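Asks: Sending over a structure as C-alpha cells; questions will come in a sec.
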Amino acid sequence: MERLDDRKYITKLDKAKMRMLIGGLPGQFSAAGKSFQEANLSLRGRYTSVVVAGMGGSAIGGDLACARLYSDFPAPISVVRGYEVPSFVTKNTLLIAVSYSGNTEETLSAFQDGKKRGARVVCIASGGSLMEMAKSESLPFLTVPEGLPPRCAIGALTTYILLSIGLAFQVPGYAAELEDVADVLKNMRSALELDSPLKENPAKKIAGNLVHKLPFVYSSCRMTDPVAKRWSTQINENAKSLCHYSNLPELDHNEIVGWGIPREVSYASHVLFLDPGNLSDKLKRRLKVTKEIVSQVAEAETLTAGGTGDLARLFSLIFLGDYVSFYLAMLNGVDPTPVERIDLLKTKLREGQ
Ligand code: PA5
C-alpha cells in the first residue's frame, strides 16, 4: 500500500499522465461552457423528446444529464447505446450524437437512423467521421479538445449535453450549476491528490480496500445510478479489473438473494454503497438495512457525496471514483491509460468491413 505514496513509482507507471487528466476535470466545465457560447448554436424548435446517442465514455454524460433532469424537466430523455434510435424519434426530437473520436460505429449508425427519422441533430466529437459529416451537412457541431482518452472528457461532454438541452428547451441556469460543480471539485482535489498521504487520502484508502477484491458498486437511488456505472467502467478501464454495479431499490428484489454463493466470490468482494448525501428517510433506511445484510458475507462501506446541488453531488462522487480507479491501477501495477482490448476490438471490427 505504501506504493501509493511513492511518487517515483507512480510517475513511472502512469506513462500517459492519467493522474493529471483526472485532476484536470474541474477545469473542463468552464472551458466547455465558453466553447459552447462561442459555437453560438441555433437550436430553436418545438421538441417533445431528447435522445443522447453514444457509447462508453461518450455516453455517460447523457446518463448524468438524465439523472440531473429527471425531476424537473418537461420532456422524456433517453440515452441510446446502440445502432438504432427508438421508434418515438421524430422531427420533434433533439438528437445529441456524441462520439469523442467521431468514429464509433454504433453512434454513427444511430446518428444516421435519427436523421432518417427527421430528428434535429447536434453532433459532439473531437474529430473523425461525425465531425466531417456535421460540417459537410452544416449541422450544429461542438468540438472537444483532441488527444484525451474519451472517458477523461466527461466534464466537457456533460457540459455540452446539458447546455444543448437547456438551449433547445430554453431552460436557463445549467451553466451556473456547472460552475458550482467546478468549485466543489477544486476544493476536493488536494485531499485526493498524490501529495495527500495514504493515511489521510480517502481515494488511496478505498483503493487499498479494493485491491485483490471484486468491487461491487451499489447506487443508493436513481440519482447515483450513473455514478455507480462510471465507478465500474473507470475501474475496468483504468485499473484493468472486473467490477460489478447495481442499484437500490431494485437490487433488494433480486441480487441481494445471490450473496453467499459462490462463497469464495462473496468473501473476496468489497461493496461500496454510494450515498448522494440527501437521501429520503425511506432510502436511508433501505441503504442501512441492505448494507447490514450484505455485510454478513462481504466487506462493505458507504461513500457520501459532497456539495449541495444535484450535479455537484454526482460529480463529487465521480471525482472520488476516478481517483480511486487511478490508485487501484497503481496497486495492480498497470498503466491506467491504454485500453488495448477496446482498440483491438475496434480494429478487428473495422477490418471486417
Ligand atoms: O473509454 C473508452 O475509450 C470507450 O468507452 C469509448 O468511449 C467508446 O469505445 C466509444 O468511443 P468514442 O468515445 O470515441 O465514441
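The values are calculated or read from the model by the stated rules, or taken from the named source; none is laboratory data. Being a predicted model, the structure only gives us computed values, none of them experimental. As a convention, Cβ positions derive from the backbone with ideal geometry for all residues, glycine included, and neighbour counts pool all protein chains shown. What goes into the accessible areas is simple: the full protein's heavy atoms, side chains included, and nothing from ligands, DNA or RNA. Shrake-Rupley method; radii C 1.70, N 1.55, O 1.52, S 1.80 Å.
Asks: Quick one: how many residues across the range 199-220 are more than 17 Å from Leu328 (Cα to Cα) and surrounded by fewer than 21 Cβ atoms within 10 Å (Cβ to Cβ)?
Replies: Within the range 199-220, residues that are more than 17 Å from Leu328 (Cα to Cα) and surrounded by fewer than 21 Cβ atoms within 10 Å (Cβ to Cβ) number 0.
Asks: Under the condition of being aromatic (Phe, Trp, Tyr) and within 23 Å of Leu139 (Cα to Cα), which residue from the range 23-47 is nearest to the ligand (Cβ to nearest atom)?
Replies: Checked the range 23-47; the qualifying residue nearest to the ligand (Cβ to nearest atom) is Phe36.
Asks: Exactly one condition in (1) more than 23 Å from Tyr174 (Cα to Cα); (2) at pLDDT 95 or above is not met by Lys348; state its number.
Replies: (2)
Asks: What are the residues in the range 1-20 that are open to solvent by less than 50 Å² (accessible area, probe 1.4 Å) and either in a helix (DSSP H, G or I) or of a type in the set (Ser, Thr, Tyr) (or both), if any?
Replies: Those that are open to solvent by less than 50 Å² (accessible area, probe 1.4 Å) and either in a helix (DSSP H, G or I) or of a type in the set (Ser, Thr, Tyr) (or both): Leu4, Ile10, Leu13, Met18, Arg19.
Asks: Tell me the residue from Ser232, Ser241, Ser196 that is open to solvent by 10 Å² or more (accessible area, probe 1.4 Å), of a type in the set (S, T, N, Q), within 16 Å of the ligand (Cβ to nearest atom) and modelled with pLDDT of 95 or more, please.
Replies: So the residue among Ser232, Ser241, Ser196 that is open to solvent by 10 Å² or more (accessible area, probe 1.4 Å), of a type in the set (S, T, N, Q), within 16 Å of the ligand (Cβ to nearest atom) and modelled with pLDDT of 95 or more is Ser241.
Asks: With respect to the numbered conditions (1) out of contact with any helix residue (DSSP H, G or I) (no Cβ under 8 Å at 6 or more places or on another chain); (2) crowded, with 21+ Cβ neighbours inside 10 Å; (3) among the charged types (D, E, K, R), which one is the sole condition not fulfilled by Glu250?
Replies: Result: Glu250 passes all but (2).
Asks: What's the number of the condition Leu314 fails, among (1) open to solvent by 30 Å² or more (accessible area, probe 1.4 Å); (2) in contact (Cβ under 8 Å) with a residue 60 or more places away in the chain?
Replies: Status for Leu314: all satisfied but (1).
Asks: Contact list please: Cβ distance under 8 Å, first residue in the range 319-347 and over 28 Å from Ala182 (Cβ atoms) and within 14 Å of the ligand (Cβ to nearest atom), second residue in a helix (DSSP H, G or I) and at pLDDT 95 or above, pairs at least six apart or on different chains.
Replies: Ile342/Gly56; Ile342/Glu237
Asks: For the range 289-307, check the following and say yes or no: at least one residue is within 16 Å of the ligand (Cβ to nearest atom), of a type in the set (A, V, I, L, M, F, W, C) and surrounded by fewer than 21 Cβ atoms within 10 Å (Cβ to Cβ).
Replies: Scanning the range 289-307 turns up no residue that is within 16 Å of the ligand (Cβ to nearest atom), of a type in the set (A, V, I, L, M, F, W, C) and surrounded by fewer than 21 Cβ atoms within 10 Å (Cβ to Cβ).
Asks: Taking Val324 as meeting all but one of (1) more than 17 Å from the chain's Cα centre (by Cα); (2) open to solvent by less than 30 Å² (accessible area, probe 1.4 Å), write down the number of the exception.
Replies: All conditions pass for Val324, except number (1).
Asks: Taking Asp6 and the conditions (1) out of contact with any strand residue (DSSP E or B) (no Cβ under 9 Å at 6 or more places or on another chain); (2) within 16 Å of the ligand (Cβ to nearest atom); (3) free of Cβ contacts under 8 Å to residues at least 60 places away in the same chain, which numbered condition does it fall short on, given that it satisfies the others?
Replies: (2)
Asks: What are the residues in the range 253-275 that are without any contact (Cβ under 8 Å) to a residue 24 or more places away in the chain and surrounded by 13 or more Cβ atoms within 10 Å (Cβ to Cβ), if any?
Replies: Residue satisfying the conditions is Glu255 alone.
Asks: Pairs only if they're at least six apart or on different chains, beta carbon under 6 angstrom, first in the range 93-107 and outside the structural domain of Gly54 (by TED's automatic domain parsing) and closer than 14 Å to Leu43 by Cα, second more than 9 Å from the ligand (Cβ to nearest atom) and at pLDDT below 95; list them, first residue then second.
Replies: none
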